[in-house]
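See structure below.
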Number of protein chains: 2
Amino acid sequence: MNVGIYIYDDAEVLDFSGPFEVFSTASRFLPNTNKFNVFLISEKQGKVKARGSYSVNTDYDITNYPSLDVLIISGGVHTEELKKENVVKWISTVSKSTKIVASVCTGAFLLAKAKVITNHNVTTHWEDIEDLRKSYPLLKVHENKRWIDEKNVITSGGISAGIDMSLHLVCKLHSNELAEKTAKQMEFNWMKNS
Amino acid sequence: MNVGIYIYDDAEVLDFSGPFEVFSTASRFLPNTNKFNVFLISEKQGKVKARGSYSVNTDYDITNYPSLDVLIISGGVHTEELKKENVVKWISTVSKSTKIVASVCTGAFLLAKAKVITNHNVTTHWEDIEDLRKSYPLLKVHENKRWIDEKNVITSGGISAGIDMSLHLVCKLHSNELAEKTAKQMEFNWMKNS
């Protein structure tokens, strides 16, 4: 089960490290033959300077990566990313062949730009709710939700809500038991009431 | 205010990225002259392969780093780190000149080995409580605590508890108002009842 997390310069650190932690922790309870293979993808493979000058190395670029079961788009300072036609086109194309597409925080803007979410029920960071509504009036943008799952397109609230959403993905892709074990291992108070 | 987070190969991703997120998010609310300067330190500066093959680049090594106000020791697979005399000695030495020393998760074992915690009230990951008690019988090791603050030596519970502890540090070093704003920005349900 390949889980790719898309990041970029000024991506929010917890938006991608939170989901990474969930899938890698969940995998510790799974046999070698059935683990989540979680990795980072960026436009160009290599060093990415996430928000706060946090330097992380991605595993793949958008032209060369394993086939994905899950694609997660990180939020952060996403405005420069929206301007990149190749990135938006890649998100649009790969989303068609991926079981689950998800966003954390303002990653929802990238999903909207790529038309992965069009008239869906969605959410984003509380500070960006109005901007998302105005930019994409057909979207039904909800407040005070940790995540919203509509037809395998899942958007989460801001920053730490990506952890709750990722636990939901573990539940969906494997079992509630594994998601509960993962939350306990992370000593994380999983907010399920999406 | 310099906040250094010590990491190593097989450090737990959320143990260091969670505190990093807290201090960098808190800084967005602060003027340029008064921000938290948060960075990663490792034995040798450069690439560190954290748990789950998460590749991150540290800013400094233990022989060359800015003077620290706060030192946070990440948990993870810490056993190899305990064997490194230079690392343990560094933790011991630097802790004497640092306002606050903290550990996340099994980082407490490194603080104990370095004699930063001796007969203190402390906590660690729930799975490691017994091991810490047996290894350092003079420590008073508590269960079911998000963090314990004793004389500016602060230990936290497992993985995500490092976020709660870091918010406590923001509160202690700046104000409860800033810690609350940071938690809201991160959409994090801060568990204060330490």
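Structure above, values below:
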quantity: Every residue from the range B:82-100 that is within 16 Å of B:Ile154 (Cβ to Cβ) and either crowded, with 18+ Cβ neighbours inside 10 Å or in contact with a helix residue (DSSP H, G or I) (Cβ under 7 Å, 6 or more places away or on another chain) (or both); calculated: B:Ile91, B:Val94, B:Ser95, B:Thr98, B:Ile100
quantity: Matching residues in the range B:85-142 - criterion: being among the polar types (S, T, N, Q) and farther than 18 Å from A:Met186 by Cα; calculated: B:Asn86, B:Ser92, B:Thr93, B:Ser95, B:Ser97, B:Thr98, B:Thr118, B:Asn119, B:Asn121, B:Ser135
quantity: So B:Ser67, is it hydroxyl-bearing (Ser, Thr, Tyr), over 21 Å from B:Ser160 (Cβ atoms), touching a residue at least 60 places away in the same chain (Cβ under 8 Å) and in contact with a strand residue (DSSP E or B) (Cβ under 8 Å, 6 or more places away or on another chain); calculated: yes
quantity: Among the candidates B:Leu82, B:Leu68, residue that is more than 14 Å from every other protein chain (Cβ to nearest Cβ) and in contact with a Ser or Thr (Cβ under 6 Å, 6 or more places away or on another chain); calculated: B:Leu68
quantity: Filtered residue count, the range B:4-14, keeping only those that are over 21 Å from A:Asp59 (Cα atoms) and either within 11 Å of chain A (Cβ to nearest Cβ) or in contact with a Ser or Thr (Cβ under 7 Å, 6 or more places away or on another chain) (or both); calculated: 2
quantity: All positions within the range A:18-35 that are assigned to a helix (DSSP H, G or I), surrounded by fewer than 23 Cβ atoms within 10 Å (Cβ to Cβ) and more than 9 Å from chain B (Cβ to nearest Cβ); calculated: A:Asn32, A:Thr33, A:Asn34
quantity: Residues of the range A:142-194 classified as closer than 25 Å to A:Lys35 by Cβ and away from every other protein chain (no Cβ under 13 Å), total; calculated: 17
quantity: Some residue of the range A:45-52 being touching a helix residue (DSSP H, G or I) at 6+ places or on another chain (Cβ under 9 Å) and surrounded by 24 or more Cβ atoms within 10 Å (Cβ to Cβ); calculated: yes
quantity: Checking B:Asn176 against (1) over 19 Å from B:Ser74 (Cβ atoms); (2) surrounded by 23 or more Cβ atoms within 10 Å (Cβ to Cβ); (3) polar (S, T, N, Q), the condition it does not meet; calculated: (2)
quantity: Failed item in (1) buried (at least 23 other Cβ atoms within 10 Å of the Cβ); (2) away from every other protein chain (no Cβ under 14 Å), with A:Val38 passing the rest; calculated: (2)
quantity: Count of residues meeting criterion [in a strand (DSSP E or B) and within 11 Å of A:Glu43 (Cβ to Cβ)] in the range A:58-75; calculated: 2
quantity: Residue check for A:Glu127: within 11 Å of chain B (Cβ to nearest Cβ), without any contact (Cβ under 8 Å) to a residue 40 or more places away in the chain and on the phi < 0 side of the Ramachandran plot; calculated: yes
quantity: Lone unmet requirement of (1) without any contact (Cβ under 8 Å) to a residue 24 or more places away in the chain; (2) over 21 Å from B:Ile163 (Cα atoms); (3) touching a strand residue (DSSP E or B) at 6+ places or on another chain (Cβ under 9 Å) for B:Trp90; calculated: (1)
quantity: Odd one out for A:Lys84 among (1) more than 17 Å from the chain's Cα centre (by Cα); (2) within 27 Å of B:Gly4 (Cα to Cα); (3) in contact (Cβ under 8 Å) with a residue 40 or more places away in the chain; calculated: (2)
quantity: Some residue of the range B:52-64 being acidic (Asp, Glu) and touching a Leu at 6+ places or on another chain (Cβ under 9 Å); calculated: yes
quantity: Test: A:Ser156 is among the small types (Gly, Ala, Ser) and either surrounded by fewer than 24 Cβ atoms within 10 Å (Cβ to Cβ) or over 14 Å from the mean Cα position of the chain (by Cα) (or both); calculated: no
quantity: For A:Ala11: the one exception among (1) out of contact with any Asp or Glu (no Cβ under 9 Å at 6 or more places or on another chain); (2) crowded, with 18+ Cβ neighbours inside 10 Å; (3) aliphatic (A, V, I, L, M); calculated: (1)
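FYI, it's all coordinate maths here, none of it is from the lab. Note that the structure is predicted; figures quoted are calculated from it, not measured. A quick note on method: Cβ atoms are made from the backbone with ideal geometry, for glycine too, and the neighbour counts reach across all protein chains shown.
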